[in-house]
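Before anything else, here's the structure in question.
Each reported figure results from applying straightforward, stated rules to the coordinates on display, with no laboratory input. As the structure is a prediction and not an experimental result, all values here were calculated from the model. Every residue, glycine among them, receives a Cβ derived from its backbone with ideal geometry; neighbour counts consider all protein chains shown.
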């Protein structure tokens with residue numbers, strides 16, 4: 001279906017892109033073969049499909065490794081729409097562990113990042129678990145932590161867990177018990193900080209001038225855009241409203257990784273409003289977008305659910321590629337797909353990559369113009385070339401362990 005044939009009855013007119021930044025779908029030797037893997041100087045960003053939550057794994061240019069959430073969550077009514085892959089008898093943490101093991105033989109991963117205390121990002125033992133040697137019930141990130149050691153962990157609230165509401169309490173306790181049992185070093189994630197999360201295998205400083213990670217937000221604190229200063233919008237909200245709880249999604253950790261010209265955003269489930277000192281609500285996701293600026297690849301906030309990826313955020317991020325970790329059929333929504341696809345909001349080609357496409361949105365919006373921007377599902381991998389001047393987007397088979405490359409798209413930064 002072409003864009004011209006589809007039309008756009010719902011919102012901004014969408015035009016077919018013809019800009020020079022998207023080279024095209026490639027039919028290289030990679031297609032049909034196992035994923036080629038990481039090489040020094042490259043940066044690989046993996047978005048692993050399990051059907052049970054959000055699972056991200058990053059291999060940085062020097063080989064530093066980051067796990068950014070590992071979920072184990074599901075709802076009975078959605079099982080017919082969202083399959084668990086590759087097999088129903090595997091927990092999400094087990095699928096992620098096996099996936100990472102295909103990429104590296106390391107016994108220790110450098111960082112674990114907990115975006116916020118929701119089970120689709122960290123797991124909950126009440127929906128299935130394995131038993132650790134010491135008797136702990138583990139799934140999700142804690143189960144992954146039985147397969148690998150970790151050098152350090154950051155979460156969005158440490159050391160003030162539960163400050164604005166506890167999230168999924170049993171899940172949070174499971175993570176805390178794991179961290180204590182494994183004696184994993186932990187320190188506060190500081191919004192505004194530059195390179196608090198740093199390269200661990202670059203003693204010569206080979207990437208010092210080309211690579212950085214900027215912390216943008218966590219626990220309703222956001223970088224001001226000046227130096228490493230940050231402002232506590234959560235404290236202002238509590239004072240202005242008299243309410244001591246804040247939506248856990250709004251408390252999500254967010255950061256931007258930059259490598260050369262390439263920029264990548266990950267912000268957990270960042271969404272919803274806060275109230276400012278003037279008593280007026282404002283969208284915290286949109287504020288983070290202002291601080292973030294333009295990126296090449298954006299992991300969608302809150303799985304691109306209808307309360308996230310608002311127009312103001314999308315306009316600031318202006319990404320070429322959007323990636324959604326899908327575990328719910330409602331993770332493709334017309335209301336924000338229109339913004340991510342709109343060439344009126346910002347010009348140029350772009351691709352939207354949900355790692356699973358359920359039947360529901362196809363039935364609901366069969367003629368939406370944004371379908372022309374959607375890539376096929378599966379594991380999604382962004383491979384940034386040495387130096388960060390270009391990158392490829394791979395879609396890998398998720399139905400089995402083959403890591404077979406089904407398609408590749410190449411971009412210039």
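How large is the convex hull of the Cα atoms of the stretch 217-295 per residue, expressed in Å³ as a whole number? Before the final figure, lay out the partial values.
Values: hull volume 6.6 nm³, N = 79.
Spelled out: Cα convex hull of the stretch 217-295, divided by residues, is 83 Å³.
Would you mind calculating the relative contact order of the chain from Cα pairs under 8 angstrom and at least 6 residues apart, reporting the percent as a whole number?
Numbers: 1004 pairs, mean separation 85.6, N = 413.
Here the relative contact order equals 21 percent.
Okay, moving on. So what's the stretch 293-332 giving for Cα Rg divided by 2.2 N^0.38 Å, two decimals? Could the numbers behind the result be given before it?
Numbers: Rg = 10.0 Å, N = 40, 2.2 N^0.38 = 8.9 Å.
Taking the Cα Rg and dividing by 2.2 N^0.38 Å, one obtains 1.12.
Hey, what D do you get for the stretch 126-242 in µm²/s if you plug the Kirkwood alpha-carbon radius into Stokes-Einstein at 37 °C and 0.692 mPa s? Walk me through the intermediate numbers first.
Details: Rh = 16.6 Å.
Rounded, D is 197 µm²/s.
Ranked by Cβ crowding within 10 angstrom, fewest neighbours first, how are 187, 76 ordered? Kindly include the intermediate steps, with their values, before the conclusion.
Working: 187 11, 76 7.
Fewest-to-most Cβ neighbours within 10 Å comes out as 76, 187.
Compare the peptides 193-204, 384-395 by average per-residue count of other Cβ atoms within 10 angstrom and give them in order, highest first. Working shown, then result.
Working: 193-204: 14.8, 384-395: 20.5.
Packing order, densest peptide first, comes out as 384-395, 193-204.
To continue, here is another question. Peptides 211-218, 356-363: what's the order by average Cβ count within 10 Å, highest mean first?
Details: 211-218: 24.0, 356-363: 16.0.
Ranked from most to least packed, the peptides come out as 211-218, 356-363.
I would also like to ask the following. I'd like the antiparallel share, as a percent to the nearest 5, of DSSP beta bridges with both residues in the stretch 72-187. Could you put the intermediate results ahead of the total?
Numbers: 2 of 10 bridges.
Roughly 20 percent of the beta bridges in the stretch 72-187 run antiparallel, per DSSP.
What ranking of 69, 307 emerges when the number of other C-beta atoms within 10 Å of each C-beta is taken as an exposure proxy, fewest first?
Details: 69 28, 307 18.
Going from sparsest to densest Cβ surroundings: 307, 69.
Determine the shape class of the chain: with a ≥ b ≥ c the square roots of the Cα gyration tensor eigenvalues, call it rounded for a/c under 1.5, and otherwise prolate if a/b is greater than b/c, oblate otherwise.
Values: a/c = 1.26, a/b = 1.11, b/c = 1.14.
Rounded is the answer for the chain, as its axis ratio a/c remains below 1.5.
A follow-up question, please. Just check the stretch 312-413 against the gyration tensor rule for me: Cα atoms, a ≥ b ≥ c as the square roots of the eigenvalues, rounded for a/c under 1.5, and otherwise prolate or oblate depending on whether a/b exceeds b/c. Please report the intermediate quantities before stating the final value.
Values: a/c = 2.15, a/b = 1.07, b/c = 2.00.
Oblate shape, in that a/c is at least 1.5 and b/c is the bigger or equal ratio.
Counting only DSSP beta bridges with both residues in the stretch 224-341, what percent are antiparallel, rounded to the nearest 5?
On the way: 8 of 13 bridges.
Around 60 percent antiparallel, to the nearest 5.
Would you give the gap between the C-alpha center of the stretch 318-379 and the C-alpha center of the stretch 179-232, rounded to a whole Å?
30
Over the chain, what is the percentage of antiparallel beta bridges among all DSSP beta bridges, to the nearest 5? Please report the intermediate quantities before stating the final value.
Numbers: 54 of 75 bridges.
Antiparallel bridges make up about 70 percent of those DSSP assigns within the chain.
Once you sort the root eigenvalues of the Cα gyration tensor of the stretch 48-128 as a ≥ b ≥ c, which label holds: rounded (a/c under 1.5), prolate (a/b larger than b/c) or oblate (the other case)?
On the way: a/c = 2.43, a/b = 1.71, b/c = 1.42.
Verdict is prolate for the stretch 48-128.
Using a 10 Å cut-off on Cβ atoms, rank the peptides 36-42, 367-373 from the highest mean neighbour count down. Working shown, then result.
On the way: 36-42: 15.3, 367-373: 20.7.
Sorting 36-42, 367-373 by mean packing, highest first, produces 367-373, 36-42.
Using only DSSP helix segments of four residues or longer, with each worth -39500 (n - 2.57), what per-residue ellipticity at 222 nm results for the chain after dividing by its residue count and rounding to 500?
Values: 10 runs with 81 residues, N = 413.
About -5500 deg cm²/dmol.
Something else: For the stretch 241-338, just the Cα atoms, rotate onto the principal axes and tell me the three extents in Å, largest first.
Reported extents, whole Å, longest axis first: 43, 33, 22.
Among 256, 114, which comes first, then next, by fewest other beta-carbon atoms within 10 Å? Walk me through the numbers on the way to the answer.
Numbers: 256 22, 114 27.
Result, fewest neighbours first: 256, 114.
Here's a follow-up. If you scale each eigenvalue of the Cα gyration tensor by 5 and take the root, what three semi-axes come out for the stretch 114-177, rounded to whole angstrom and sorted largest first? Please list the in-between numbers first.
Working: eigenvalues 73, 39, 18 Å².
Ellipsoid half-lengths, sorted descending, are 19, 14, 9 Å.
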